[in-house]
Every structure is written in C-alpha cells, then in structure tokens.
Amino acid sequence: MAIHSCRDSERNRIKNLSYNSTTYKKIEAFQIFVAIFILALASPLTFASDPSPLQDFCVAINDPKGSVFVNGKFCKDAKLAKADDFYFSGLHTLGIYMVRIDDAPNSGLNPPHTHPCASEILFVLEGTLHVGFVTSNPDNGLISKVLYPGDVFVFPVGLIHFQYNIGNTYAVTFAGLSSENPGVITIANAVFGSNPSINADILAKLLVFKILILLYIFNS
C-alpha cells in the first residue's frame, strides 16, 4: 500500500508539473497575443500622420538651381532662409497645411466636402459663420454651430463638413490641417462632375431617393 501511495504521489506531482507547465505556456502565449494585438492597434495610429522630415524645414521655391527636391517641391538652401519665408511656403515637409478662406457676404458657402487625410481646425477672424459636419453611417448625425469672431471649431478627419456665411459682411477664417497633403473631395463635384460621368440611372435613383427623404422631413 505504501509503494502504491508513493507511486500515486509521484504521478500526481508529475501531472501537476505538466499541468503547471501547460498553464504557464498558455499564459505566456496569451501575453504575446495581447502584445501583438496592442501593437496592431497602435500601428495605424503611428503611420496615420505625415512622415518625419529629413531636414529642419523646406522653404518651397520654383527655382531648381542649387536646391534640393523634396516631396514634390524644390527647397531653398536652408542657410538662405529668412523670417519672411515662413508665412506659408515654410510649411513644406512639416506635416501641416494652412489656408485663409474669405466667404462672400449673404450666403457665401464653402460647400460640403471632406479631407480624407487630415483633421481641420477653423479659426474665425471676422464675420459670422454657420458650420457643421456629418458623422459616419448609419447615424449621419449633424453637428453644427454658429461661430463668431474669435471662435474655433474642429472638423474630424474624413468627415463631410461645410461653412456658410450667414452675415452681411465677409467672413474671414484661417484653417489649419494636420497633413501637408490633406486632400479634398467636394461632394457635389465628385458625384455629379466625375470623369467619366456616373451612370445617369444611378444618379436619377439617388436624386429620387433624396427627394423622398426631403418630402418626408418637410411633412413630419
């Protein structure tokens, strides 16, 4: 009985060791999986912005003489750069884009459009603007606000947005975007002005569908 008891204990000890070893391996494998999963989530964020420049800055010029060609532009010799170069041309390769927008009085419109590669921050210098953006499917929620001088509004990357001048003077704004090449797609131009044109039957069905939606909204 004692011999059997010793043998049983040894078997149980070996079994426990084997079980513990398997458990540790599973835990280790799970930890590796979690690490890979986190890295996979982080990777798109890492590569979502413009690549880092190889020089301090690039003042874009049109003269190829004695200059370096970077990202589609000729760069002025850094030693010749002046403070006056850093209004807009000095933004090249810095991963940002800036633009001034003057919306005409009484219904001046920057029509619904999207920047596929950048978020946008809008600063109102003069005038009164109705601005907004639409969230993704299926909600398609409209988030809008009336802005006055000194106000700031942000349009998330890729979402359709607009600016509409509701005042009787020019609305002057400055927009900064988080990519040197943010891209722009004006919705109406893309749908109705594509080359070659989108099939007329498709556009007709789209228009009928939109008209039905408008009628439903007006009758609600």
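The values are calculated or read from the model by the stated rules, or taken from the named source; none is laboratory data. Please read these numbers as outputs of a predicted model, since none were measured by experiment. Here Cβ is always computed from backbone atoms with ideal geometry, including for glycine, and neighbour counts include all displayed protein chains.
Answer with yes or no whether S194 is of a type outside the set (A, V, I, L, M, F, W, C) and under 15 Å from the mean Cα position of the chain (by Cα). No; evaluated as a whole, the condition is false for this residue. Listed by position, the strands (runs of 3 or more DSSP E) enclosed by region 150-216 include none that has at least 2 residues that are without any contact (Cβ under 8 Å) to a residue 40 or more places away in the chain, of a type outside the set (D, E, K, R) and more than 24 Å from D139 (Cβ to Cβ).
Suppose we filter region 156-168 for residues that are in contact with an Asp or Glu (Cβ under 7 Å, 6 or more places away or on another chain) and at pLDDT below 95; how many remain? Residues flagged as in contact with an Asp or Glu (Cβ under 7 Å, 6 or more places away or on another chain) and at pLDDT below 95 within region 156-168 amount to 0. Report yes if F86 is farther than 30 Å from L206 by Cα, surrounded by fewer than 16 Cβ atoms within 10 Å (Cβ to Cβ) and assigned by TED's automatic domain parsing to the domain that holds V59, otherwise no. It is true that F86 is farther than 30 Å from L206 by Cα, surrounded by fewer than 16 Cβ atoms within 10 Å (Cβ to Cβ) and assigned by TED's automatic domain parsing to the domain that holds V59.
For region 82-92, the count of residues that are farther than 18 Å from T186 by Cα and modelled with pLDDT of 80 or more is nonzero.
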